[in-house]
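Heads up, the thing below is written out as structure tokens.
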Amino acid sequence: MTDTAAQEISGHARSVACDGGGGPLGHPKVFLELDKDGKVCCPYCSRRYALDADGRIVEVTA
């Protein structure tokens, strides 16, 4: 990934939980499985997650 703005979400895993991050303004918590390319987009809030070079799941913000 060449994106410079990323936040580490978890250790080495193939799924990530997303709740929209807005507390009561978020959405129901969903568990998303990364695709074969190591990426996934939340169907509720469109947050994008991907594996970084070290195999960690990060939120892609840029």
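Taking each residue as 0.36 nm, the span from THR61 to ASP35 lengthens on full extension beyond its C-alpha to C-alpha distance by 7.5 nm. Residue by residue, the range 48-53 carries 3J(HN,Hα) couplings of 10, 10, 7, 7, 8, 5 Hz when phi is fed to the Karplus relation 6.51 cos²θ - 1.76 cosθ + 1.60 (θ = phi - 60°); x denotes Gly or Pro. Taking every C-alpha pair closer than 8 Å and separated by at least 6 residues, the mean separation divided by the residue count of the range 6-60 gives a relative contact order of 40 percent.
Coupling constants for the range 30-45 follow from the phi torsions by the Karplus curve (6.51 cos²θ - 1.76 cosθ + 1.60, θ = phi - 60°), and in residue order they are 10, 9, 10, 8, 5, 7, 5, 8, x, 9, 7, 10, 5, x, 7, 10 Hz; glycine and proline get x.
Read the figures in this text as sums done on the coordinates, not as results from a lab. The structure displayed is predicted, hence computed values, not measured ones.
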